[in-house]
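K.L.:
Have a look at this one.
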Amino acid sequence: MRRVLLLSTTTGYQTRAFGEAAERLGVELVFATDRCHMLDDPWQDSAIPIRFHDEDRSVAAIVEAGRARRIDGLIALGDRPTVIAARAGAALELPVHPVAAAEIARDKQRTRERLRTAGLPVPWFLPSRIDADPRRLAASLTFPCVIKPVALSGSRGVMRADDPDGFFAAFDRLRALLLLPEVRAERSEAHDRVLIEGFIPGHECALEGLMQHGVLHVLAVFDKPDPLDGPFFEETIYVTPIAAAVEQRVAGAVRSAAAAIGLWHGPIHAECRVNGDDVVVLEVAARPIGGLCSRALRFTQTSLATDRRRSSSTAAPIPLEELLLRHALGEIPDGWSRETRPSGVMMIPIPARGVYRGVSGADEAGRIDGVDAVMVTAKPDQLLIPLPEGASYLGFIFAHGETSGSVEQTLRSAHARLRFRIDAQLRVVQSANGSMQSAAAPRSGDQ
C-alpha cells in the first residue's frame, strides 16, 4: 500500500477529507502533528508527534519514521508545517518545494523582498519590530497604509490606517495581538516583527494551483466580490470562475511570483490584488487552500491515461484532497481540470465578540436551490472573537449555479436566513468590598 505523509495541526479541518480521499484511493495516511508527545496516541491516529517550533527534532522524527516504513508522498496543511515538510521531503528524497522557498513563502516580509528583487510589482513596505515607537515610524509613512503580522494566517491582524492617529491605534492593537499567550506559545521570532506597506486599491482574487517540477498548473482562480478595503480585511465569499482575461493576468502574475520565490513542486495558494490591468501578488503560500474552503472545488479528468504515472480514467468528479494525494504520489495534474459549473463558498463572519449559543435557519438556508451545504463549525459556549484578533469563522456555506454571479447571490441568500444567538462576554468587576465578581452582560440577541 502506498503511503502519504500529512503534516498538520491536530485540529485541522481538512484531515477528515484527506482520510476519506485516501480510503477511496487505497492509500495509507501517515500523520505528523503537533499533538502532545507525553500522551500515548491521544487522537488515536498513530501520528508522529512533532513541534513546529523545533524544526530539527521534528524533521529527525519524520525522517526516522519515513525510513522505517516507506513514504511515497508528502503534503503540508497550513503555513506552520511547510518548512518542516520541505526539509523532511528533501531528506526522504521526495519531490517537494525547496526549503529556502518554503521559508520565504511563510514570511510576508521576505516574500516582499524577493518579489522586489525579481522586479515584480510590490507596494512600498517598511519592516519593523513590535517594540518600535509607532510615532517615529509614522514620520516616514504615506497614507493610507496597511500594517500586518509577517507570519499569522489569513487576514488575522491586518489593518488599514488612513492617518497617523489611525496608525498608532493599529500598531498598538497588532502589538497586543502578537503578545497574546496563544501567539507567543508558537515560539516564532517572526511574531516579533510586523510589516507596514502601502495600501493597494482594487479587488482581490485567490489562485489555487499545483507546481509540477517548476511548472504552474492553475486549478482555480477565485473572485472575492466583497470589497476588502479595510479597516480590517475579513474574507467572506469566494466564487469561481472569473472572467477569462482576468484569470490569465492573475495566473501570469502568480507564475512569475512562484518562480521568483523558488516554489517547485506541490500545492500553492496565492492572494492577489487586481486593479485594472495591474496584478500585485500579495503572497504565495507553499500549501493548499485552508479550512473547509476546498469543498468548493471538484475536478474531472480531461484526458485518457497514457502515462504510467497517471491513474485510470474516472467519470465522477473528485475533491481537491484526492487530487493532491494523486499529485503527491506522482500523478501529473494536467489531466485534471475544475468541473465546469461555477461554485463558491462563504466563510461566515463573526459579527461581534461574545459567547456562541446556537443558530436557527440553517435548515431553511440549506433548502435554497443551489446550496450544497451549510456547515456551522462554531461550538456551543465557544468564545467568538472577530477579526482582526480572531482566527476562525462561524462556519461555511457552499453553493453552485449557472454563473458565478448566481452563486454569489445564492450564498448571500442562504446567509440571510441564518440567525446566530451570541451572548456578550461576562465582565469581571470589583465590588465595594474589593472582591472580584462576574457581572452578567446583556444578551446581544440574534446576529
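K.L.:
What FRET efficiency do you get for Arg67 and Glu182 if R0 is 56 Å and r is their Cβ-Cβ distance, rounded to the nearest 0.05?
P.N.:
Result of the calculation: an efficiency of 0.95.
K.L.:
Any idea what the relative contact order of the chain is, in percent, if you count C-alpha pairs under 8 Å spaced at least 6 apart?
P.N.:
Relative contact order comes out at 13 percent.
K.L.:
Separate question: With every protein chain kept in place and ligands, DNA and RNA left out, what is the accessible area per residue of the chain? Probe 1.4 Å, answer in Å².
P.N.:
Per-residue value: 45 Å².
K.L.:
Right, next: Summarise the accessible area of region 152-196 (1.4 Å probe, protein heavy atoms) by the percent that is carbon and sulfur.
P.N.:
With neighbouring chains kept in place, the figure for region 152-196 is 51 percent.
K.L.:
With the dipole of the chain worked out from charges on the C-beta (+1 for Lys and Arg, -1 for Asp and Glu) around the Cα centre, which of Thr33, Gln301, Ile368 lies farthest toward the positive end?
P.N.:
Thr33
K.L.:
What's the angle, to the nearest 10 degrees (0 to 90), between helix 404-417's Cα axis and the longest principal axis of the chain?
P.N.:
Roughly 50 degrees between the two axes.
K.L.:
Can you give the angle from 0 to 90° between the axis of helix 164-178 and the longest principal axis of the chain, with both taken from C-alpha atoms, to the nearest 10?
P.N.:
60
K.L.:
What's the FRET efficiency of Ala245 with Val215 using the Cβ-Cβ distance as r and R₀ = 25 Å, to the nearest 0.05?
P.N.:
0.70
K.L.:
If you line up the long axis of helix 15-25 against the longest principal axis of the chain, both from Cα atoms, how many degrees apart are they, to the nearest 10?
P.N.:
Compared with the principal axis, the helix lies near 10 degrees.
K.L.:
About its Cα centre, how strong a charge dipole does the chain have in debye, to the nearest 20, once Lys and Arg get +1 and Asp and Glu get -1 at the Cβ?
P.N.:
Its charge dipole is roughly 420 debye.
K.L.:
If you don't mind, there's one more thing I want to ask. Compute the distance in nm between two label points, each set 7 Å from the Cα along the Cα-to-Cβ direction, one at Glu113 and one at Ala391.
P.N.:
Inter-label distance under the simple model: 2.5 nm.
K.L.:
Given a cut-off of under 8 Å on Cα pairs at least six residues apart, what relative contact order in percent is computed for region 221-286?
P.N.:
Value for region 221-286: 25 percent.
K.L.:
Which cross-chain or sequence-distant (5 or more) residues have an amide H under 5 Å from the amide H of Leu126, H modelled 1.01 Å from N in plane?
P.N.:
Excluding prolines and chain starts, which carry no amide H, the hits are Ile196, Glu197.
K.L.:
Assign one of three labels to the chain, namely rounded, prolate or oblate, based on the Cα gyration tensor with a ≥ b ≥ c the square roots of its eigenvalues; rounded applies when a/c is under 1.5, prolate when it is not and a/b is larger than b/c, and oblate otherwise.
P.N.:
Taking the square roots of the gyration eigenvalues as a ≥ b ≥ c, the chain is rounded.
K.L.:
In the Gaussian network model of the chain, springs joining C-alpha atoms below 10 Å, which of Pro351, Pro181, Pro225 carries the largest mean-square fluctuation?
P.N.:
Top of the fluctuation ranking is Pro181.
The values are calculated or read from the model by the stated rules, or taken from the named source; none is laboratory data. No experiment lies behind these values; they were computed from the predicted model shown. Cβ coordinates were reconstructed from backbone atoms using ideal geometry, including for glycine residues, and neighbour counts include every protein chain displayed. Note: accessible area is taken over every heavy atom of the protein model, side chains too, but ligands, DNA and RNA are not part of it. Shrake-Rupley method; radii C 1.70, N 1.55, O 1.52, S 1.80 Å.
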